Amino acid sequence: MNLIELKNIWRIYKQGPETVNALRELSLQIKQGEYVAIMGASGSGKSTLMNVIGCLDKASAGTYLLEGQNITQRTDDELATIRNKTIGFVFQQFNLLASMTALQNVLLPLVYAGMEKEKRLLSAKSALKEVGLEERMQHLPSELSGGQQQRVAIARAIVNKPRILLADEPTGALDSNTAKDIMGIFNRLVDDGITVILVTHDAETASHAKRIIKLKDGKMLDDLML
Amino acid sequence: MSTIELFSIAWQGILSNRLRSGLTVLGIIIGIASVITLLGIGQGAKMEAEKQVQALGVNLIYIRPGAANTASISQGQGTAPTLTYEDALAIKQNCPAVENVAAQYTIGFQVQHGEQNTITNVTATEPSYTDIRNFYPVSGRFFNQNDMKEGSRVCVIGDTVALNLFGSDNPIKKQILIRGELFEIIGVMEHKGVTQSLDMDDQIFIPLTTGYATLIGLNAVTGRSVRSILVQCKKDEDMQAQFQITNLLRLRHNIHSPDFDDFTLRTQMDIMQTAQSITGVFSLLLGATAGISLLVGGIGIMNIMLVSVTERTKEIGIRKAIGAKYSQILSQFVIEAVLMSLTGGVAGILLGIFGSTSISQFAKWTTVVTPESIILSFLVSLAIGLFFGIYPARKAAKLDPIVALHME
């Protein structure tokens, strides 16, 4: 069974008088444990695709099956629950809450999940350990380097044991050495059985993946298994 | 997600911008503190007014003559000589609902003792005055029926007069001149203070009969005229007493139609109601002023919450991306607003209590902070937080996570 199955997905925006077809009749299957890179120039629809897969956005037409369930018609709150339990996000700009320590940032998804306080703390600490940051968990994001902040963000993404990790240009704001470390973490997560989907325009980053999907004008141009 | 958790998230939100939250809270503090203080002043004024009316005596009816007319110009209520000492005696004899009666004639005179010299009110009245007014001598005695019969030249002075003429000396048995007439002081009245704009302590009391013989004289038409008659009714019989007095006086003055009454009756109830309606308006004005400052404080909260939502759009986006539901974002911002307004409310209540205590200390005004006004202020600040917090919170909760995430 496919973990993610998109059938004839359209995503149409209205921008003033113009309509923009960000995704045009796109179909795609991703299995559990795959390591996928979605590539394309800016405006190719790769971010829109990530938003649709990540349940941040809803398709205008078509069907989205996640874990075999049709989630096309789910309400906003139901999608929030899916984002909380099934999907983890890593962003180019880290998107940590500046007023909270590393630990508090990692705890946050568990707070929204309604997990008990002690279990929560154990999970968050083990997630921080997995990214090698347990020493610095009481620091604010502003006291951490870019690479460390991205590790906190990864810890936050994986703390609730999601099946899918979506990373949008995760190394875009990092130098090449740090980027290598971060990609190393992704490789380990794939080995642990998490489905990792990278969105990037950088061939170097994409080369870590085992499957590369190329988009152009909202359509699939190429689907390469490496 | 537990309520405590929601509160702790909201609390972190408040702490993440301390200065702004502090200034917002300040608006509510000032609003609530002025409500507490101004209501305290209003309540105090009301209590003071009631106390003064109570101090005049209980179950009282004041009878005053109508206005005298000089060449068709009214000289004002109470100036006609139509009410007489004989009327007072008749009321005492003929009205069963009446407990006690004291006729009085008050007039201003110059009073001398040695080199000291003052102008004061001389009240010529009857011995029953003390019981009716609930106003007694603190040293010496008041004049009695015997003094009335004899027309003795004795007087009882108020404590302001005693201070003005004698300083710290004992005035008893001393002689004073009232408009040149010699009187012996037999008593000094207790301190009573100012009631109904009359300084009760700046008065000299003499027997009514002595008054007619020496200072007042007789009216050419009506003889022993009086300026007012104080009547104390029997308990719970004020209505009967008013009815009996009115009828008796109409009969004695040959009045057939109420339109031609040459006297007026005022009860203590009337005076109390007047005082209450004045202090009521006073309280209302103060309350309205305070209410406006609270409203401004509330708008301040809404303003800041709106700014906060705009400024924290990205934060909201992040929270939504990691799984916060509509209700969770909504409660975060509503609770933030409520926490700020409640903090302001509690601090404002404390400041208000401090403010009204200071006012009574320094300005010598009576202020009363009632539990009701504290509870009211607390509930109002809660309501302000809810009311002005909901709109910005809804705005936050409805944000599209994608748009919010791409905000810088």
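Here the Debye sum runs over all C-alpha atoms of region B:81-261 as equal scatterers in vacuum, and log10 of I(q)/I(0) at q = 0.10, 0.11 Å⁻¹ comes out as -0.42, -0.50.
Where only DSSP H runs of four or more residues are counted, chain A gives -10500 deg cm²/dmol as its mean residue ellipticity at 222 nm, each run worth -39500 (n - 2.57). Quantify how much of the Cα-Cα distance distribution of the protein assembly as shown extends past 47 Å, in percent. So the portion of pairs separated by more than 47 Å is 49 percent.
Among rounded, prolate and oblate, which fits region B:193-252 when a ≥ b ≥ c are the square roots of the eigenvalues of its C-alpha gyration tensor, a/c under 1.5 means rounded, and a/b larger than b/c means prolate?
Taking the square roots of the gyration eigenvalues as a ≥ b ≥ c, region B:193-252 is oblate.
To the nearest ten degrees, helix B:238-252 and the longest principal axis of the Cα atoms of chain B are 40 degrees apart. I'd like the residues of region B:312-332 whose 1.4 Å-probe accessible area shrinks by no less than 40 Å² going from the isolated chain to the full set of protein chains. Flagged in region B:312-332: B:ILE318, B:ARG319, B:ALA321, B:ILE322, B:GLY323, B:LYS325. Contact residues in region A:56-74 (at least 10 Å² less accessible area with all protein chains than alone, 1.4 Å probe): A:LEU56, A:ASP57.
Comparing B:GLN268, B:GLN12, B:GLN52, which has the greatest mean-square fluctuation in the GNM of chain B with Cα pairs linked when under 10 Å apart? Comparing B:GLN268, B:GLN12, B:GLN52 in a Gaussian network model of chain B, the most mobile one is B:GLN12.
Legend: mean number of C-beta atoms from other chains within 10 angstrom of residue C-beta atoms, peptide B:258-267, equals 0. For region B:81-261, carbon and sulfur atoms together expose 48% of the accessible surface, with a 1.4 angstrom probe and every protein chain in place.
Cross-link check: pairs A:LYS58/A:LYS180; A:LYS46/A:LYS117; A:LYS31/B:LYS325; A:LYS46/B:LYS398 evaluated at a Cα-Cα cut-off of 30 Å; pairs beyond the cut-off: A:LYS58/A:LYS180; A:LYS46/A:LYS117.
With a cut-off of 8 Å between alpha carbons and a minimum separation of six or more residues, what is the relative contact order of region B:81-261 in percent?
Numbers: 344 pairs, mean separation 57.3, N = 181.
32 percent.
Here the simple spin-label model places points 7 Å from the Cα toward Cβ, and for B:ASN134 and B:LEU218 these points are separated by 3.8 nm.
Take B:VAL307, project a point 7 Å from its Cα along the Cβ direction, then tell me which residues of region B:340-378 have their backbone nitrogen under 20 Å from it. Correct set: B:340-345. The dipole here belongs to region B:81-261: it is taken about the Cα centre, uses +1 on the Cβ of Lys and Arg and -1 on the Cβ of Asp and Glu, and is about 360 debye.
The modelled label-to-label distance for the pair A:HIS201/B:LYS364, using points 7 Å beyond Cα in the direction of Cβ, is 8.2 nm. Computed with every protein chain present, the accessible area of B:HIS191 is close to 130 Å² [probe 1.4 Å].
Could you please state how large a percent of the accessible area of chain A is carbon and sulfur, counting protein chains only and using a 1.4 Å probe?
On the way: 4780 of 10160 Å².
Carbon with sulfur: 47 percent of the solvent-accessible area.
Considering only A:SER47, B:THR37, B:THR214, and ranking their Cα positions along the charge dipole of the protein assembly as shown that arises from unit charges at the beta-carbon of Lys, Arg, Asp and Glu, the one farthest toward the positive end is A:SER47.
Here the relative contact order of chain A, from alpha carbon pairs under 8 Å that lie six or more residues apart, stands at 29 percent. Going from the isolated chain to the complete set of protein chains, region A:91-114 loses at least 40 Å² of heavy-atom accessible area (1.4 Å probe) at A:ASN95, A:LEU97, A:MET100, A:VAL111, A:TYR112.
If DNA, RNA and ligands are ignored and the probe is 1.4 Å, what is the ranking of B:TRP365, A:TRP10 by accessible area, most exposed first? The partial results should precede the final answer.
On the way: B:TRP365 130, A:TRP10 80 Å².
Most to least solvent-accessible, the answer reads B:TRP365, A:TRP10.
Residues B:ASP87, A:ASP168, sorted by accessible area with the largest first, give A:ASP168, B:ASP87 [1.4 Å probe; ligands and nucleic acids excluded].
Provide the per residue accessible area, probe 1.4 Å, for the protein assembly as shown, rounded to a whole number of square angstrom. Could you put the intermediate results ahead of the total?
Details: 29770 Å² over 634 residues.
Roughly 47 Å² per residue, with all protein chains present.
Dividing the radius of gyration of the alpha carbons in region B:111-209 by their Kirkwood radius gives 0.93 for Rg/Rh.
Restricting the calculation to alpha carbons of chain A gives Rg and Dmax of 17.3, 53 angstrom.
Rounded, prolate or oblate: which one fits region A:40-172, using the alpha carbon gyration tensor with axes a ≥ b ≥ c (rounded when a/c is under 1.5, else prolate when a/b beats b/c, else oblate)? Verdict is oblate for region A:40-172.
From its DSSP helices (H runs of at least four residues, each -39,500 (n - 2.57)), chain B gives a residue-normalised ellipticity at 222 nm of -18000 deg cm²/dmol. The Rg/Rh ratio for chain B is 1.26, where Rg is the radius of gyration of the alpha carbons and Rh is the Kirkwood radius.
In chain B, the longest principal axis of the Cα atoms and the axis of helix B:268-311 are about 10 degrees apart. Straight-distance candidates among the lysines for linking to B:LYS192, with alpha-carbon spacing under 22 Å and chain neighbours fewer than 8 residues away dropped: B:LYS46, B:LYS51, B:LYS364.
In this calculation the C-beta distance from B:ASN170 to B:HIS406 is compared with R0 = 56 Å, giving a FRET efficiency of 0.05.
On association of chains B and A, roughly 2000 Å² of accessible area becomes buried (total for both chains; probe 1.4 Å).
Converting phi to 3J(HN,Hα) with the Karplus coefficients 6.51, -1.76 and 1.60 and the offset θ = phi - 60°, region B:29-42 yields 4, 5, x, 5, 4, 6, 4, 4, 5, 5, 5, x, 5, x Hz in sequence order, with x at every glycine or proline.
Is region A:24-78 best put as rounded, prolate or oblate by its Cα gyration tensor, with a ≥ b ≥ c the root eigenvalues, rounded for a/c under 1.5, and otherwise prolate when a/b is larger than b/c, oblate when not?
Oblate.
When only the Cβ of Lys, Arg, Asp and Glu is charged (+1, +1, -1, -1), the dipole of chain B relative to its Cα centre reaches about 1280 debye.
Over region B:249-356, the Kirkwood radius and the radius of gyration, each from Cα atoms, give a ratio Rg/Rh of 1.47. Between A:ASP217 and B:LEU376, the simple label model (points 7 Å from Cα in the Cβ direction) yields a spacing of 7.2 nm.
So what is the relative contact order of chain B, in percent, for Cα pairs below 8 Å that sit 6 or more residues apart? Provide the component values of the computation, followed by the final result.
Numbers: 735 pairs, mean separation 118.8, N = 408.
In percent, rounded to a whole number, it is 29.
Heavy-atom accessible surface of B:ASP169, to the nearest 10 Å², is about 90 Å², with a 1.4 Å probe and all protein chains retained.
Taking all protein chains together and rolling a 1.4 Å probe, B:PHE205 ends up with roughly 0 Å² accessible.
The values are calculated or read from the model by the stated rules, or taken from the named source; none is laboratory data. The model shown is predicted, which means the values in this text are computed figures rather than measured ones. For neighbour counting, all protein chains shown are included, and Cβ atoms are generated from backbone atoms with ideal geometry for every residue, glycine included. Note: accessible area is taken over every heavy atom of the protein model, side chains too, but ligands, DNA and RNA are not part of it. Shrake-Rupley method; radii C 1.70, N 1.55, O 1.52, S 1.80 Å.
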